[in-house]
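S.K.: There's a structure below that I have some questions on.
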Amino acid sequence: MTHVPCHAFLGLGSNKGESEQLLAEARDRISRIPQTSLVAVSSIYRTQPQLHADQPWFWNQVVRVATSISPWELLAATQAIEAELGRDRDHEVRFGPRTMDIDILLFGDTRVEETALTLPHPRLAERAFMLVPLLELEPEAALPDGTLLREALARIAYTCRDGHIWQPN
């Protein structure tokens, strides 16, 4: 089904394998999703793991895409990319190491609350590793309710220095 084109922000993360190379491969594959174009790419940030601290630091970035597919089609496409890049959802530890994690952070002003998909991302306003690169691309980004993401970031205890993001668990 074709929809009116909208902009979506995707969070990419990896801390298993050749993470920087995996991010590049994920970006390339995202650019090849039908009816979707890669519009902007944030810097890459090295980020402290959340919840399970005993694992390698993540490589994170955010990309903005313009797409005419539905959020569910975008979710299916990004989960296929994760699997192609070695992610095994059936055998991984929740919040543990992964070769590739692609989250839909925002999909225009769309709101969805389903088991498989929640938009905006349910923890977006709490995570500096998502907000810092997203705001690099879109400084005035807001949640569908109008909450500015820079205001959400200002409420978080975090440090960002030299491309590294630390946030207490």
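Each value in this text was obtained by applying a stated rule to the coordinates, not by laboratory testing. Small disclaimer: the values here were computed from a predicted structure and weren't measured. Glycine gets a Cβ as well: all are built from the backbone with ideal geometry, and neighbour counts include every protein chain shown.
S.K.: What full-extension length gain, to one decimal in nm, is calculated for A83 and D145 as 0.36 nm per residue of separation minus the Cα-Cα distance?
M.R.: Roughly 19.0 nm would be gained on extension.
S.K.: Could you give the length gained by full extension between Y158 and A24, i.e. 0.36 nm per residue of separation minus their alpha carbon distance, to one decimal place?
M.R.: 45.6 nm
S.K.: Relative contact order (percent) for the range 1-75, with alpha-carbon contacts under 8 angstrom and 6 or more residues of separation?
M.R.: 46 percent
S.K.: Just checking my list (1) 16.0, 54; (2) 19.4, 72; (3) 15.0, 43 against Rg and Dmax of the Cα atoms in Å computed from this structure; which label fits?
M.R.: (3)
S.K.: If you don't mind, another one. Between V4 and T115, what is the FRET efficiency for a Förster distance of 25 Å, r being their Cβ-Cβ separation, to the nearest 0.05?
M.R.: Calculated value: 0.45.
S.K.: While we're here: Under the definition of Cα pairs under 8 Å and six or more residues apart, what whole-number percent is the relative contact order of the range 6-166?
M.R.: Contact order relative to length: 28 percent.
S.K.: Label 7 Å along Cα→Cβ of A53; the range 82-96 residues with amide nitrogen under 18 Å?
M.R.: Within reach of a label on A53: 95-96.
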